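Notes to accompany the following structure.
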Amino acid sequence: MSYTVFATIRVKSEHMEAACQAVAAIVPMTRGEDGCIAFEPRRAADGSSTIMIFEEWADRDAFDFHHAQEYTKDVFARYENWLAGAPELVEVKSLEG
């Protein structure tokens, strides 16, 4: 059974463009990971400084593998001063079961 997460990342407005660029830069590598089924980052359409990422992984191990990659750790290190609060990760499940 896959492991699916919806991440909400609130960014300080002055760092929004840099945060978007940092996340966008890891999309090709992330999607190329063996366990990645979907990795879909988006910015809020209402103009708020919020990035949302829908992530679906083959399993929790694949999710953990992603977070152990140097490019992912690099983005998290940059986030330290960019975020307006801790990222919110919510595990989600299909409505069909």
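The values are calculated or read from the model by the stated rules, or taken from the named source; none is laboratory data. Since we're looking at a predicted model, the values are computed, not measured. Please note: Cβ atoms are built from the backbone with ideal geometry, for glycine as well, and neighbour counts cover all protein chains shown.
In the range 77-97, the residue that is nearest to the chain's Cα centre (by Cα) out of those that are under 13 Å from Val11 (Cβ atoms) and in a loop (DSSP other than H, G, I, E, B) is Pro87. With respect to Pro41, is the statement that it is without any contact (Cβ under 8 Å) to a residue 40 or more places away in the chain and either of a type outside the set (Asp, Glu) or in contact with a strand residue (DSSP E or B) (Cβ under 8 Å, 6 or more places away or on another chain) (or both) true? For Pro41, the condition - without any contact (Cβ under 8 Å) to a residue 40 or more places away in the chain and either of a type outside the set (Asp, Glu) or in contact with a strand residue (DSSP E or B) (Cβ under 8 Å, 6 or more places away or on another chain) (or both) - is met. Residues in the range 49-78 that are over 14 Å from Thr30 (Cβ atoms), touching a strand residue (DSSP E or B) at 6+ places or on another chain (Cβ under 8 Å) and free of Cβ contacts under 8 Å to residues at least 40 places away in the same chain: Ser49 alone.
The number of residues in the range 1-35 that are more than 19 Å from Gln69 (Cβ to Cβ), among the aliphatic types (A, V, I, L, M), touching a residue at least 60 places away in the same chain (Cβ under 8 Å) and out of contact with any helix residue (DSSP H, G or I) (no Cβ under 6 Å at 6 or more places or on another chain) comes to 1. Report whether or not Asp64 is charged (D, E, K, R), within 17 Å of Pro87 (Cα to Cα) and either more than 13 Å from the chain's Cα centre (by Cα) or assigned to a helix (DSSP H, G or I) (or both). Considered against the rule, which asks whether it is charged (D, E, K, R), within 17 Å of Pro87 (Cα to Cα) and either more than 13 Å from the chain's Cα centre (by Cα) or assigned to a helix (DSSP H, G or I) (or both), Asp64 comes out as yes. Is it the case that Ala38 is modelled with pLDDT of 95 or more, among the aliphatic types (A, V, I, L, M) and exposed (fewer than 14 other Cβ atoms within 10 Å of the Cβ)? In short, yes.
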